[in-house]
Amino acid sequence: MEDCLAKKMEITVSEAEKRTGRNAMNIQETYTAYLIETRAVESQSEGQCAPVESLWRRYSEFELLRNYLTVTYPHIVVPPLPEKRADFVWHKLSADNMDPDFVERRRIGLENFLLRVASHPVLCQDKIFYAFLMQEGGWKEMVNETGFQLKADSRLKALNATFRVKNPDKRFTELKHYSDELQSVISHLLRVRARVADRLYGVYKVHGNYGRVFSEWSAIEKEMGDGLQSAGHHMDVYAASIDDILEEEEHYADQLKEYLFYAEALRAVCRKHELMQYDLEMAAQDLTSKKQQCEELATGTVRTFSLKGMTSKLFGQETPEQREAKIKILEEQIQEGEEQLKSKNLEGRDFVKSAWADIERFKEQKNHDLKEALISYAVMQISMCKKGIQVWTNAKECFSKM
């Protein structure tokens, strides 16, 4: 971890800017661009002021980067991107993707994504990722030259195909259940948090109503007017703090959502392992079939019924020369199949070893992050309740002076 990019470079997504331009179809569109700023840490430690490098990226470029990382490193739980659209809308947040509040939250999420990748022991060393941060022009061409899209297309077809593994790895089966459970628990947490926030919003609105009533009441009271007006002021101040509270609420919700999306990244690793296991089983099955064919040709006996065997009985046997030629071809195919099977076995073992190391790293990260987030959320709720108690204590003093 000491060699990771995050230790050597400060990475921030400092601002977002609304822009208008034409897409690949030459259609006018409005989009948001994000300013990525980087600064070397080593120069600062030597007492020098390192220059800030900056460039603009669209959300679609972040998507391209993540797709590249997912295909290139199939054994890694690649950090997820923040949501592209305002799917989780609550009260003051509009469903408009250009809404300033939503864009700001997505800016923070994109910065977090870059920091996650820069902190990863393997992903941080990727040259394409470094070019994404430092090279504004020609970056997409660099990605396309890797040929990752062809791998992505073929893998996507394979992943979408229906297949059943005969001997699934229990560890990955359990991991799949773990990811499903993680997604279910966090989805439930988000729903509960939304209900709590909804009630909180109602409480603050009630305080706002109290403030308005006390202020209006104070205008018609002579002796109690000052006390009512002061109490109303405390209520108004408390009600006005709802925006800051909701913003902090959304921050914790985004931390939970990140791990909601991480669950899908875990399932992707499981699916890739299933595909490798299926390829291995198909290769072993094909090799067994060729060995059986070779044995049947060599001994002249047919163990299983086949149309080919039936045809040879009806129309005559093959000549010894033809049989020898077929045996020779099969022997070459068997040798090639054995080498492929050995290679696939080795590849599978390497995948499992690398994947499991990254999954353990991910679980450690998840436990730390969610623990910190939930503790901070509880502290925020306690602080908010203390403010409410203080408001009513102040209001009580105002009423006592009447």
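The values are calculated or read from the model by the stated rules, or taken from the named source; none is laboratory data. Just so it is clear, the structure is predicted and the values come from calculations on it, not from any experiment. FYI the Cβ positions are ideal-geometry reconstructions off the backbone, even for glycines, and counts take in every protein chain you see. Surface accessibility is based on the protein's heavy atoms, side chains included, excluding ligands, DNA and RNA. Shrake-Rupley method; radii C 1.70, N 1.55, O 1.52, S 1.80 Å.
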Nearest 10 degrees is fine. How inclined is helix 148-160 to the longest principal axis of the chain, computing both from alpha carbons? 80 degrees
How big is the gap, in Å, between the Cα center of the stretch 224-241 and the Cα center of the stretch 325-402? 46 Å
Cα-centre dipole for the chain with unit charges at Cβ (Lys and Arg positive, Asp and Glu negative), debye to 20: 1240 debye
Can you send over the carbon and sulfur percentage of the accessible area for the stretch 199-256, probe radius 1.4 Å, protein chains only? 52 percent
Could you work out the helix-only [θ] at 222 nm for the chain, with each DSSP H run of four or more residues adding -39,500 (n - 2.57) and the total divided by the number of residues, to the nearest 500 deg cm²/dmol? -25000 deg cm²/dmol
Over all Cα pairs of the stretch 320-371, the Kirkwood radius sets Rh, and Rg/Rh then becomes 1.54
Do any of Lys257/Lys387; Lys257/Lys371; Lys257/Lys386; Lys205/Lys387; Lys176/Lys363 go past 18 Å between their Cα atoms, and which? Lys257/Lys387; Lys257/Lys386
Ratio of the stretch 210-300's C-alpha Rg to 2.2 N^0.38 Å, to two decimals? 2.98
Work out how much length Ile220 to Val206 would gain on full extension: take 0.36 nm times their residue separation and subtract the Cα-Cα distance, in nm to one decimal. 2.9 nm
Accessible area of Asp369, 1.4 Å probe, to the nearest 10 Å²? 40 Å²
Which of the peptides 254-265, 171-182 is most tightly packed, and how do the rest follow, judged by the mean count of other Cβ atoms within 10 Å per residue? 254-265, 171-182
Positive-pole candidate from Tyr238, Ser184, Ser14, dipole of the chain, charges at beta carbon: Ser184
Taking the simple approach of a point 7 Å from Cα along Cα-to-Cβ for both Ser376 and Asp180, what is their distance in nm? 3.2 nm
Give the long-range amide H neighbours of Ala50: residues separated by 5 or more places, or on another chain, with amide H under 5 Å away, using H modelled in the peptide plane at 1.01 Å from N. Gln44
Peptides ranked, highest mean first, by Cβ atoms within 10 Å: ranges 282-288, 30-36: 30-36, 282-288
Of (i) 46, 34, 17; (ii) 62, 26, 20; (iii) 45, 35, 20, which is the value of semi-axes √(5λ) of the Cα gyration tensor in Å derived from the coordinates here? (ii)
Sequence-distant residues sharing a close amide H with Met9 (under 5 Å, placed H): Val41
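Which whole-number value in Å² is the accessible area per residue of the stretch 106-148, probe 1.4 Å?
44 Å²
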